[in-house]
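Reading through the structure tokens given below for one structure.
The values are calculated or read from the model by the stated rules, or taken from the named source; none is laboratory data. Note that the structure is a prediction, hence the values are computed from the model and not measured. Counting neighbours? That spans all protein chains shown, and the Cβs are built from the backbone with ideal geometry, glycine included.
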Amino acid sequence: MNLLRAVSTIGGLTLVSRVLGMVRDILMARYVGAGMASDAFLIAWRLPNLFRALFAEGAFAAVFVPMFNRRLAEADKDAPGTGLEVAKAFAGQVLSVLVPVLLVFTALMMLAAGPVVYAMTGGFPDGGPEKFALARHLTIITFPYLGLISLVSLLGGILNSLNRFWVNAAAPILLNICMIVALLFFRGDNQVDTAITQAIAVTVSGVMQLLWLILSCRANGVVLKLSRPRLSPDVKAMLLLIAPAAIGQGAIQFNLLISTSLAARYLSEGAVSWIYYADRLNQLPLGLIGIGVGTAILPMLSRQIGGGDSVAALNTQNRALELAMLLALPAAVALVVAAGPIIHGVFQYGAFTAEDTLATAQVLSAFACGVPAYVLIKVLTPGFYARADTKTPVRLALAAMLVNLVGNLVLIWPLGPVGVGVATALSAWVNVALLFGVLFRRGHIQPDRRLIAKTWRIIAAAALMGAALWLGDRLADSWMDGPLEQRIAALAVLCGGGAAVYGLATLALGAYRLSEIKGMLRRKA
């Protein structure tokens, strides 16, 4: 599968998931608002969501996929046709160890929900014991999702290794469907009861995603059998790699966890919700572009490096950077320039007030300054993981997390929740600089003339789009107080117009030619 097609497959299904996620958030803003119940649910949702990001989109993909691929390729080389069986045996060993570990860990975390929530929030000084008790209750309900989604990640990694990218990419759609159904048909009579319904929907969605992956694996000839847990040399090697990979891949999520905890402790009621809604839009480009490109290039880099083809590996890395910049820069500019109309049109309805819109839009603009960095982190880290180096990204991620912590502590007082966004974006750029610097020094990345030339042209095209959006959002904002269909139409015109300007600018400036795009669609990686 070539790079653009793989990214398109993953990105297209992720787009469906994110659109449904946006529908979910619109309903959440309407029925739960940005107050006590919303803050409590979002704290309860933060930890299992963190583990989802670490495992489903991070450590398992970074460690398990290369190991699975190596076993498959090595066995096929020695005895053609035996690779899949050998790789499945390795996956079965991993599953047999993973299941009991997850059961024990999930049970312990549910029992310790009170101390965990207190550690994250300081007991919600702004909301008192009722808010803390609600957050603890919701945490107990949502935590089984952690174990379920970790098993989903293992099965999804197998299917990704077999180039069945679409199955794993489609799984998060079930999460959003469950939460939307709960909001539309099973919500309570008040905001607290509705938040409890959402927590239940989270765990139900984990069960559905696991069933989806089990059935999909069976359809592709993969049936794993549980056996007595045994720490074989292969499993030990994976476990040694997976912890540092989780830290390295999860730097952005850890930063957000720190930021959310500080907001819960020191900022006014509603700040946690403002940060969440801003981050939801901010994460959209990461899900569509960064995770898509990172997931697609990891198997490619692993095979090229394993085969000793360093020239092909360098070319794959450069083309991935090129594609990431082409898609991430305009997304960043759009979210910074048009944050006000976007938040107004999407969320300001029902319990979500004009004050919430203003605060959320300011946080979004700050977060969005780091969008290219969030994407580039996902594109650069496979350069380490394909070479079985999970320790270096950890060290660099920890340095970036320290920058984020210091930035939060310094900026949260004068800037409030906006300071959270600024610190998060700054730490992401520090992480990118460190990752790129180490890869460059080792000779594992060498920007070619094509990448450098196209990057400057992409920046110029994004700047022209930003100017067009700045003019257009003044007109679009006045349409955002109308009915939903009017808001959607206005946002479609605004965003579509910006995309058209960017597309024409990239062609006019020579950032891309139509023949190059057609060639990328046809060419095998």
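Tabulated results
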{"read-out": "Whichever residue in segment 413-437 is of a type in the set (A, V, I, L, M, F, W, C) and over 24 Å from the mean Cα position of the chain (by Cα) and, among such residues, is surrounded by the fewest Cβ atoms within 10 Å (Cβ to Cβ)", "value": "Trp413"}
{"read-out": "Filtered residue count, segment 385-425, keeping only those that are closer than 30 Å to Leu239 by Cα, not aliphatic (A, V, I, L, M) and not in a helix (DSSP H, G or I)", "value": "3"}
{"read-out": "Residue check for Ala359: at pLDDT below 85, buried (at least 24 other Cβ atoms within 10 Å of the Cβ) and touching a Phe, Trp or Tyr at 6+ places or on another chain (Cβ under 9 Å)", "value": "no"}
{"read-out": "Within segment 114-138, considering residues that are aliphatic (A, V, I, L, M) and at pLDDT 85 or above, the one nearest to Asp234 (Cα to Cα)", "value": "Leu138"}
{"read-out": "Only one of Arg457, Arg474 that is basic (Lys, Arg), surrounded by fewer than 14 Cβ atoms within 10 Å (Cβ to Cβ), out of contact with any strand residue (DSSP E or B) (no Cβ under 9 Å at 6 or more places or on another chain) and part of a helix (DSSP H, G or I)", "value": "Arg474"}
{"read-out": "Close pairs (9 angstrom Cβ cut-off, 6 or more residues apart or separate chains): farther than 11 Å from Ala91 by Cα in segment 151-165, modelled with pLDDT under 75 and among the hydroxyl-bearing types (Ser, Thr, Tyr) anywhere", "value": "Asn160/Thr295; Phe165/Thr9; Phe165/Thr295"}
{"read-out": "Residues within segment 339-356 that are assigned to a loop (DSSP other than H, G, I, E, B) and out of contact with any Ser or Thr (no Cβ under 9 Å at 6 or more places or on another chain), tallied", "value": "3"}
{"read-out": "Residue in segment 462-474 that is in contact with a Ser or Thr (Cβ under 7 Å, 6 or more places away or on another chain) and closer than 20 Å to Leu327 by Cα present", "value": "no"}
{"read-out": "Some residue of segment 457-479 being in contact with a Leu (Cβ under 6 Å, 6 or more places away or on another chain), farther than 26 Å from Gly340 by Cβ and not aromatic (Phe, Trp, Tyr)", "value": "yes"}
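Rundown of residues vs (1) over 21 Å from the mean Cα position of the chain (by Cα); (2) within 20 Å of Leu102 (Cβ to Cβ); (3) crowded, with 21+ Cβ neighbours inside 10 Å, yes/no style:
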residue: Arg164; (1), (2), (3): no, no, no
residue: Leu174; (1), (2), (3): no, yes, yes
residue: Cys178; (1), (2), (3): no, no, yes
residue: Leu184; (1), (2), (3): yes, no, no
residue: Gln198; (1), (2), (3): no, no, yes
residue: Ser205; (1), (2), (3): no, yes, yes
residue: Leu210; (1), (2), (3): no, yes, no
residue: Leu215; (1), (2), (3): yes, no, no
residue: Gly221; (1), (2), (3): yes, no, no
